[in-house]
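To start, the structure under review is shown below, and the notes come after it.
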Amino acid sequence: DAEKLWGWKDDFPKRRLAWYGKYFCGKASLISPAFLPCFYCLEENTGTPDGHEQLYAEGKITADARAICGELLEHGPQGVLELRHALGWASKRGNQRFKRALEEVQRRLLVVRWGTKPETNAWESAVYQLTPRAFPRAMKAATKLTRPEAQRTIAAQYFKLNPHAGERDLVRVFKWPRTESRVASSAVS
């Protein structure tokens, strides 16, 4: 099973079968295209490849996150080393900066892991792509959703898979405010 999962993380996004990256609490996550619009909507993203500019202008992402998205917007999918060097973050300190920014853009669903490529003689490096370019249909669907609709859809599926779950579980698992979790929970019940 671990081998299958290891392959899926690289294969599914390119086949548009799942988004993959560090989303839930910064942990490796696969999100189906059916639910990607819901989670994307909850992150208040615009759904366009250049949407990071608006997020930056509104103070919702850091300058480093903006730089990663800008580089991918201008030059397309890139491997980790290629991206770090393009941003001028090749040093040890630059690597730490890169890792923080890369986690930030993944947790906002702005980028997706888009396979791997050999960049050194060691392990293959992860390649990243902008989520709106990788999943344009899901992004279009996300722009048509409201926050409450997205939460209801997610809550309905969560309760279907976890019949004994309740409002508190939505707060714990998805980090939604209690009032929003209560509304989503009661709408599904």
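The figures follow:
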{"quantity": "Approximate spin-label separation E3-S189, in nm, with each point projected 7 Å along Cα-to-Cβ", "calculated": "4.7 nm"}
{"quantity": "Reduced Cα scattering model of the chain, Debye log10 I(q)/I(0), q = 0.09, 0.14, 0.15 Å⁻¹", "calculated": "-0.34, -0.81, -0.91"}
{"quantity": "Test item: Cα-centred dipole of the chain, Lys/Arg +1 and Asp/Glu -1 on Cβ, debye", "calculated": "380 debye"}
{"quantity": "Computed [θ] at 222 nm, helices only, for the chain once each DSSP H run of length n ≥ 4 contributes -39500 (n - 2.57)", "calculated": "-17000 deg cm²/dmol"}
{"quantity": "Cβ-based charge dipole, the chain, positive-most Cα from C25, L170, L81", "calculated": "L170"}
{"quantity": "FRET efficiency, 1/(1 + (r/R0)^6) with R0 35 Å, evaluated for L81 and F24 via beta carbons", "calculated": "0.85"}
{"quantity": "Probe 1.4 Å, accessible area per residue of the chain, Å²", "calculated": "56 Å²"}
{"quantity": "Accessible area in the full protein assembly, largest first, 1.4 Å probe, for D11, D1", "calculated": "D1, D11"}
{"quantity": "With Cα atoms, 0 to 90° folded angle of helix 147-161 axis to the chain main axis", "calculated": "80 degrees"}
{"quantity": "Value of relative contact order over the chain, rounded to a whole percent, pairs C-alpha under 8 Å and six or more apart", "calculated": "25 percent"}
{"quantity": "The chain, accessible surface, carbon-and-sulfur percent (1.4 angstrom probe)", "calculated": "52 percent"}
{"quantity": "Nearest-10 value in Å² for the accessible area of S189, using the 1.4 Å probe", "calculated": "120 Å²"}
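The values are calculated or read from the model by the stated rules, or taken from the named source; none is laboratory data. These figures come from a predicted structure and were not determined experimentally. Don't worry about glycine lacking a Cβ; one is built from the backbone with ideal geometry, like all the others, and counts go over all protein chains shown. The protein model used for the area step is the full one, side chains on, heavy atoms only, and it has no ligands, DNA or RNA in it. Shrake-Rupley method; radii C 1.70, N 1.55, O 1.52, S 1.80 Å.
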